[in-house]
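Below is one structure; the comments refer to it alone.
The values are calculated or read from the model by the stated rules, or taken from the named source; none is laboratory data. This one's a predicted model, so the numbers in the text were calculated from it and none came from an experiment. Note that each Cβ is placed from the backbone with ideal geometry, even for glycine, and that neighbours are counted across all protein chains shown. Ligands, DNA and RNA are stripped out before the accessible areas are found, and what is left, the full protein with its side chains, is counted by its heavy atoms. Shrake-Rupley method; radii C 1.70, N 1.55, O 1.52, S 1.80 Å.
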Amino acid sequence: MKTTALLPVFLLLCLAHNQAQNVLTGSVTDASGNSLPAVSILLLHAADSTLVRGQISDPNGVFRIEKVAPGQYLVRASLMGHLDQLSTIFTLTAVSGEHNLGVFALQENSNTLSQVEIVAEKPLYEQQIDRLVVNVSNSVTSAGATALEVLERSPGVTLDRQNNTLSLAGKDGVVVMINGKRNYMPMNAVVQMLAGMSANNIEKIELIATPPSSFDAEGNAGIINLVLKKNPDNGLNGSFSATAGYGRGLLGSASANFNLRKEKFSLFGDYSYLVDQREQVFSFYRTLNYEGDVKETITDSQREPVDQSHNARLGFDYYFSENTIGGIMLSGYNSKWDMIAENTEDIYSQIQPDTFIDITNNEVNHWQHAGANINLQHTFEGKQRINFDADYLYYIDDNPNDYDNRYYGENGEFLFSEMIRSGKNTPINIAVGKLDFYTPINKKINLETGVKATASRFRNNVSVEEFESGNWVEDPRLTADYKLVENIAAAYGTLDVAINPKTSLKAGLRYEYTNSNLGSDEQADIVDRQYGYFFPTIFASHNFNDDNSLQASYTRRITRPTFQDMAPFVIFMGPHLFFSGNAAIQPAIANSVSASFRRKSIVLRVEYTHEDSTITGFQGKVDPETNLQVLAAVNLSYAKNWNATFMLPAHPTMWWDMQYNITANWEFLKGYFDGILYQNDIPSMRLFSTQTFKFPKEVVCEFSGFYNTPSLFGTGRVEAMWMVNVALQKKFGESTFRFGIDDLFNSVEFNFENNVPELYLVGGGNLDFSQRTFKLTYSRNFGSNKVKSARQRQTGADTDGKRVKG
């Protein structure tokens, strides 16, 4: 409460702080003390080195910068043929006055270049009107990491490793995009793909909590967009890198990207490979009290996975004229996860040993993808623009499992054995067409409209067989070939209004109509559903001055049941635990309001979301008579979520940069399970920080880490978790060497618990996915450094997908 009461005072002080004005003076000389005229004097923000104001020294080498607002700054003196001179960081207070910065003595540059480059280093985090941008390429600890590891360290992003899902600002339902193109694959496969993607090919990550109407309304938590590198240079250029590491198993990766630009065409592409053999250790426990009989089930799993991933992308743009551009983009990946696990399941009845089971499990999860996009963009006179995209995407997942179960009695005597195998083959075909039109109505108002159609065809061929008398016998209850046909049509309109030079408004309305039908040869119309919704969005932004701004927004979103949420299927984890689908699952609708305030690089964002029919994944249902637990997605009645994010950069010295991100969350859930009312709430917090130290001779050291307090997961609770990473980097011309240690204290473990005895859900578990890992990375740039940027564009599948979530 005290912090809340002080917040308005803080904001008023920030505004008042800008009213005072200061004057900066100084002089510039050469190494011999002679005055230097015509020297560029740049006043920079200390937070992110952005330019505040520039001046030129007079014939006597003297400069004077007037009307400087209070804040932290530094000054750069620059002159051709000389080395730049930087001042120390200094602070100007609200007390007006003249401040003399002394003499800048410039040294001659003996290696004067024939060409001059001005490079502006972006801050690690940038707050824009509708998104937070994480500049991954500026982080040393991201070198040699995977895209998933970088995401996990991003502000407000939480990775649920038990279920392979992502949440943003405390909410599930995240949509993941790559270069504005959404992935048509299960979320667990998206997580698997990101775990196999090198962070060296990522330029930035956009966390879009409130997407505008031009994006699909899917995903109540917003969108995470990974922007891959397209070199801002021309001719032929690119980069490559390689990483070798170890953390209770080998880790290796390699990546490369290139950009070839000629007069009328541009060719660009990238490729990455990753292999991860780090072991995993899981343990679960469950207590069942039914009619006075207390059963305890303890499961341990020693897993030895081999994860290999190939990701590739190739694009071609042709400039027919200054106003017309066409392009083709091909993409694909091959991700194979192969695991052998030795599991044990110990069952106790009334605290006494009952049954012991040894299980050897061999699982393969092999995802393959190929996609193509055709794009045509034309700009008319008057800045009108039309854009057309056509996409075809193909995915296939092959997921066989073999189980060799051996049963032992209470005294360890062998009882019997059984062999079971399950299969799941899932091809997915998706076609997308999208047309967008943009036109300025006048100098202050712009209009954007568009239509989109998506056609999805999905098959899920599942089977379960048991080995009996020398033959594999199919279980007809758990074997079927499911087919889903889904069509989505959408139209939208958005108005962007500049009310005045400091205030802007963006409002839009989107309508989406969905027709879904799921069935099998044995049972038609398991799901036959048609529905349409309107989705309004509104953004307002006001810039008080260059350093202070305020944004507010409202948005309505939908989370549709994913294909595998609806499709009946079975995946065994053991004789008494398996995953299943739920054909009765319904879509969820969320309404969110948010506001954010920026003071220079400091950002405070608050948000409230109310979601009806919330979908929560892998919730347990126990049959007390058989001790069998089934995990499936279910609808809750509703969920409420309050979220606040505070981002604070700090620069104690010229060689030390800090970044702090604090996310506070309060979540309330209410729902019915088998007719029994369940509700729960919990406050939680996530703290994230990076500390970057810049030493002479281009040596950089970076520490990063996070701490998560306990949080909700459906009927369960996830315990606190923390991690620290460290990296050291040294540059040699175009080459860079980095040595890093991830999870320095080997502290990351996913611990969870359930305590709902009325639903027979009492237990928990420990999942150890992360190991202390040592990594050595080498990277190098090549080619010309003056090439025009490859065209940044979205595709027709920019916001589709996540409908095949596993």
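For region 359-402, give me each residue that is over 30 Å from the mean Cα position of the chain (by Cα) and open to solvent by less than 50 Å² (accessible area, probe 1.4 Å). Across region 359-402, the qualifying residues are Ile359, Thr360, Asn361, Thr379.
The one condition from (1) within 22 Å of the chain's Cα centre (by Cα); (2) not in a strand (DSSP E or B) that Phe745 does not meet is (1). Residues of region 43-85 that are of a type in the set (A, V, I, L, M, F, W, C), over 36 Å from the mean Cα position of the chain (by Cα) and surrounded by fewer than 19 Cβ atoms within 10 Å (Cβ to Cβ): Ile56, Val62, Val68, Ala69, Met80, Leu83. Evaluating Ser770 against the criteria (1) surrounded by fewer than 20 Cβ atoms within 10 Å (Cβ to Cβ); (2) modelled with pLDDT under 85 leaves one unmet condition, (1).
Taking every residue in region 336-350 that is without any contact (Cβ under 8 Å) to a residue 40 or more places away in the chain and pairing it with any residue that is of a type in the set (A, V, I, L, M), at least 6 positions away or on another chain, the pairs with Cβ-Cβ distances below 6 Å are Asp338/Val306; Asp338/Val364. Against the criterion of being at pLDDT 75 or above and either assigned to a loop (DSSP other than H, G, I, E, B) or in contact with a helix residue (DSSP H, G or I) (Cβ under 9 Å, 6 or more places away or on another chain) (or both), Ser154 does not qualify.
Taking the criterion of being modelled with pLDDT of 95 or more, surrounded by 19 or more Cβ atoms within 10 Å (Cβ to Cβ) and among the aliphatic types (A, V, I, L, M), the only residue of region 442-488 that qualifies is Ile488.
Scanning region 636-656 for residues that are buried (at least 20 other Cβ atoms within 10 Å of the Cβ) and out of contact with any Asp or Glu (no Cβ under 6 Å at 6 or more places or on another chain) yields Leu636, Thr645, Met647, Pro649. Scanning region 585-626 for residues that are among the acidic types (Asp, Glu) and open to solvent by 40 Å² or more (accessible area, probe 1.4 Å), we see that the one that is nearest to the chain's Cα centre (by Cα) is Asp612. The residue list Val634, Val630, Val622 contains one member that is of a type outside the set (D, E, K, R), in contact (Cβ under 8 Å) with a residue 12 or more places away in the chain and over 30 Å from Met419 (Cβ atoms), which is Val634. Do you know which residues across region 403-434 are among the basic types (Lys, Arg) and under 25 Å from the mean Cα position of the chain (by Cα)? If the condition is that a residue be among the basic types (Lys, Arg) and under 25 Å from the mean Cα position of the chain (by Cα), then Lys434 is the only one that fits. For residues in region 21-42 being open to solvent by 40 Å² or more (accessible area, probe 1.4 Å) and touching a Ser or Thr at 6+ places or on another chain (Cβ under 8 Å), which is nearest to Arg599 (Cα to Cα)? Ranking the candidates gives Gln21 first. Taking the stated definitions as given, is Val275 of a type in the set (A, V, I, L, M), closer than 30 Å to Asn343 by Cα and without any contact (Cβ under 8 Å) to a residue 60 or more places away in the chain? Criteria met by Val275. Scanning region 261-279 for residues that are assigned to a loop (DSSP other than H, G, I, E, B) and surrounded by fewer than 18 Cβ atoms within 10 Å (Cβ to Cβ) yields a count of 5.
If you go through region 201-229 and pick out every residue that is touching a Gly at 6+ places or on another chain (Cβ under 6 Å), surrounded by fewer than 24 Cβ atoms within 10 Å (Cβ to Cβ) and more than 17 Å from Arg510 (Cβ to Cβ), you end up with 0.
The residues listed here are Phe258, Phe282; of these, the one that is open to solvent by 60 Å² or more (accessible area, probe 1.4 Å) and either at positive phi or part of a strand (DSSP E or B) (or both) is Phe258. Those residues that are surrounded by fewer than 20 Cβ atoms within 10 Å (Cβ to Cβ) and within 26 Å of the chain's Cα centre (by Cα), I need them from region 562-584; list them, please. Within region 562-584, just Phe579 meets the criteria.
Of all the criteria given as (1) at positive phi; (2) in contact with a helix residue (DSSP H, G or I) (Cβ under 6 Å, 6 or more places away or on another chain); (3) among the acidic types (Asp, Glu), the one not satisfied by Asp270 is (1).
Residues of region 390-412 that are of a type in the set (D, E, K, R) and more than 15 Å from Asn460 (Cβ to Cβ): Asp391, Asp402, Asp404, Arg406, Glu410.
Pairs only if they're at least six apart or on different chains, beta carbon under 8 angstrom, first in region 664-681 and surrounded by fewer than 15 Cβ atoms within 10 Å (Cβ to Cβ), second in a strand (DSSP E or B) and aliphatic (A, V, I, L, M); list them, first residue then second. Once the first residue is surrounded by fewer than 15 Cβ atoms within 10 Å (Cβ to Cβ) and sits in region 664-681, its partners that are in a strand (DSSP E or B) and aliphatic (A, V, I, L, M) give Gln679/Leu669; Asp681/Leu669; Asp681/Leu712. Scan region 288-295 and give yes if some residue there is within 30 Å of Met177 (Cα to Cα) and in a strand (DSSP E or B), otherwise no. There is no residue in region 288-295 that is within 30 Å of Met177 (Cα to Cα) and in a strand (DSSP E or B). Filtering region 518-555 to residues that are open to solvent by 40 Å² or more (accessible area, probe 1.4 Å) and in contact with a His (Cβ under 8 Å, 6 or more places away or on another chain) leaves only Leu550.
Checked against the criterion of being in contact with a strand residue (DSSP E or B) (Cβ under 7 Å, 6 or more places away or on another chain), surrounded by fewer than 19 Cβ atoms within 10 Å (Cβ to Cβ), of a type in the set (Ser, Thr, Tyr) and part of a strand (DSSP E or B), region 333-348 contains one or more residues that satisfy it.
When you check Phe240 against the structure, is it at pLDDT 85 or above, assigned to a strand (DSSP E or B) and open to solvent by 10 Å² or more (accessible area, probe 1.4 Å), yes or no? It is true that Phe240 is at pLDDT 85 or above, assigned to a strand (DSSP E or B) and open to solvent by 10 Å² or more (accessible area, probe 1.4 Å). The lone criterion from (1) in contact (Cβ under 8 Å) with a residue 40 or more places away in the chain; (2) open to solvent by 50 Å² or more (accessible area, probe 1.4 Å); (3) not hydroxyl-bearing (Ser, Thr, Tyr) left unmet by Asp317 is number (2). Residues that are modelled with pLDDT of 80 or more and closer than 30 Å to Ser504 by Cα number at least 1 in the following strands (runs of 3 or more DSSP E) confined to region 71-132: 71-78. Glu625 satisfies every condition listed in (1) in a loop (DSSP other than H, G, I, E, B); (2) at pLDDT below 85 except (2).
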